[in-house]
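Asks: I have a structure here, written as structure tokens, and I will follow up with some questions on it.
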Amino acid sequence: MKYMLFMLFILFTLAYSKAQKGEVIANIPEASGIAYDAQNHRLIVVNDEGTYYEITPEGRVTLKKKLGKYDLEGVAVEDDTLIFAIENKGLLLVNKKTGKKKKVIIDTIYKGKKLPLFSKKSGVEGIARVGDFFYLSKQSKKKKDSFIAVVKLKPYPSRVVDVIKHKIPDTAGLTHHDGFLYMVSDKKNLLIQYHLEKRKIIKKIKLEKGAWEGIAFDDKSNLYLADDNGRVVKYKKKALGL
């Protein structure tokens, strides 16, 4: 009996660990999303006021650009294009070189029903690129209403092709790295590692307290979190057990 309890404790520890404190590298007001631009070795950070920043992995701001009156909640990078998730509207594509903008409307009908994907109070809060698809996390305080919509952007009109129901409330940040999907939960202060093929959560890491709304990895074994309280925090993957 003692052996069984010990093994259950070990399995729980492996699946649910606690993170050390990270290094605050930048102060970005209302930081609501983050992505890594491998071409330029820069982090793209967005905020709720329609502005995005380029910063170095050390935290130096190299660009600040106002896009307009948008509630930017997430960002992904595809070659020369930045794809911004707007909480209650859809996606905004911006060419990094020319600044040209294009709005993308997504058909949210899935299996004959309209998905509550975009709304002002609990809309899209994160975006991740996985191959030719984009994963959009729907934020909700209730775990039964939280989900990830898998979207095919082309050919237009863009459409939802799959839905992942992960049962984690308030998933506000999303990224894809080394074959896994990673989420952060604002409400629970959690970093979640999700196995796409098995369609299940394989690890939960308790984070220090914050309003976590964005997550990104660079190519040097670092992880970055965007905190809506105004911080960008850097961690070593090894320190998180990843």
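Asks: Looking at the structure I just gave you, is residue 149 free of Cβ contacts under 8 Å to residues at least 60 places away in the same chain and farther than 29 Å from residue 23 by Cα?
Replies: Details: free of Cβ contacts under 8 Å to residues at least 60 places away in the same chain: yes; farther than 29 Å from residue 23 by Cα: yes.
Yes.
Asks: Scanning segment 101-118 for residues that are farther than 17 Å from residue 84 by Cβ and without any contact (Cβ under 8 Å) to a residue 40 or more places away in the chain, which turns out most open to solvent (accessible area, probe 1.4 Å)?
Replies: 111
Asks: Okay, next question. Does residue 188 qualify as being without any contact (Cβ under 8 Å) to a residue 60 or more places away in the chain and of a type outside the set (S, T, N, Q)?
Replies: So residue 188 fits the description; yes.
Asks: Please work out which residue is nearest to residue 185 (Cα to Cα), limiting yourself to segment 44-76 and to residues that are outside any loop (DSSP other than H, G, I, E, B) and open to solvent by 30 Å² or more (accessible area, probe 1.4 Å).
Replies: That would be 54.
Asks: Mind counting the residues in segment 166-187 that are under 17 Å from residue 227 (Cα atoms), part of a strand (DSSP E or B) and not aromatic (Phe, Trp, Tyr)?
Replies: Of the residues in that region, 8 qualify.
Asks: Just to be sure I understand, how many residues within segment 119-155 are part of a strand (DSSP E or B) and either open to solvent by 10 Å² or more (accessible area, probe 1.4 Å) or not small (Gly, Ala, Ser) (or both)?
Replies: Filtering segment 119-155 down to residues part of a strand (DSSP E or B) leaves 124-130, 133-138, 147-152.
Filter again for either open to solvent by 10 Å² or more (accessible area, probe 1.4 Å) or not small (Gly, Ala, Ser) (or both), leaving 124-125, 127, 129-130, 133-136, 138, 147-148, 150-152.
Total satisfying the criteria: 15.
Asks: Output the residue which, of all residues in segment 181-197 that are more than 18 Å from residue 150 (Cα to Cα) and polar (S, T, N, Q), is most open to solvent (accessible area, probe 1.4 Å).
Replies: By that ranking, first place goes to 189.
Asks: Are any of the residues in segment 156-169 touching a Leu at 6+ places or on another chain (Cβ under 7 Å), among the polar types (S, T, N, Q) and either crowded, with 21+ Cβ neighbours inside 10 Å or farther than 21 Å from residue 43 by Cα (or both)?
Replies: no
The values are calculated or read from the model by the stated rules, or taken from the named source; none is laboratory data. Source: prediction; values computed, not measured. Note: ideal-geometry Cβ built from the backbone for every residue, glycine included; neighbour counts use all protein chains shown. We work out accessible area using only protein heavy atoms, side chains counted, and drop any ligands, DNA or RNA first. Shrake-Rupley method; radii C 1.70, N 1.55, O 1.52, S 1.80 Å.
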